[in-house]
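Trainee: If you scroll down you'll find the structure; I have some questions about it.
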Amino acid sequence: MMAKKLKKTNPQLVSTIKMLKKKAWENKARIWKDLAERLERSLSNWAEVNLSRIERCAKDGDVIIVPGKLLGTGVLTKKVTIAAWKVTKSAREKVEKVGGKVISYAELIEKNPKGSGIKIMG
């Protein structure tokens, strides 16, 4: 018996997943397909990444994708660019305070269509 496939109902999320798959095909960039597949999972399986984890794992200037939610727990001292589906207010403030940026997936694809040098956390 086949497992029932979950249907996403958020129109913004559905269009983001379609855009990611399209860009993966156009740019031959596996990272966008991987991200789309992670976002297609059930919400309970989405990543929730704290800033403390980014502080431990990232270097200054890194570009990071969070396939889920970025949380503001912890201290961030590194200037990083982060793309996430959702970002808490405190996380956004802490990233911007140290000179980093929080951007959308679409903005990241525009800047880096091939997806090279990007780390996925979660």
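Trainee: Is it the case, given these coordinates, that TRP85 is in contact with a Ser or Thr (Cβ under 9 Å, 6 or more places away or on another chain), of a type in the set (Phe, Trp, Tyr) and in contact (Cβ under 8 Å) with a residue 24 or more places away in the chain?
Mentor: Numbers: in contact with a Ser or Thr (Cβ under 9 Å, 6 or more places away or on another chain): yes; of a type in the set (Phe, Trp, Tyr): yes; in contact (Cβ under 8 Å) with a residue 24 or more places away in the chain: yes.
Spelling it out, TRP85 is indeed in contact with a Ser or Thr (Cβ under 9 Å, 6 or more places away or on another chain), of a type in the set (Phe, Trp, Tyr) and in contact (Cβ under 8 Å) with a residue 24 or more places away in the chain.
Trainee: Quick one: SER52 ticks every box in (1) among the small types (Gly, Ala, Ser); (2) without any contact (Cβ under 8 Å) to a residue 40 or more places away in the chain; (3) within 20 Å of GLY115 (Cβ to Cβ) bar one, so which box is it?
Mentor: Exception for SER52: condition (3).
Trainee: Please work out if VAL14 is among the β-branched types (Val, Ile, Thr), on the phi < 0 side of the Ramachandran plot and in contact (Cβ under 8 Å) with a residue 24 or more places away in the chain. Spell out how you get there, then give the answer.
Mentor: Working: among the β-branched types (Val, Ile, Thr): yes; on the phi < 0 side of the Ramachandran plot: yes; in contact (Cβ under 8 Å) with a residue 24 or more places away in the chain: no.
Against the criterion (among the β-branched types (Val, Ile, Thr), on the phi < 0 side of the Ramachandran plot and in contact (Cβ under 8 Å) with a residue 24 or more places away in the chain), VAL14 does not qualify.
FYI, it's all coordinate maths here, none of it is from the lab. Everything quoted here is computed from the prediction, not taken from an experiment. FYI the Cβ positions are ideal-geometry reconstructions off the backbone, even for glycines, and counts take in every protein chain you see.
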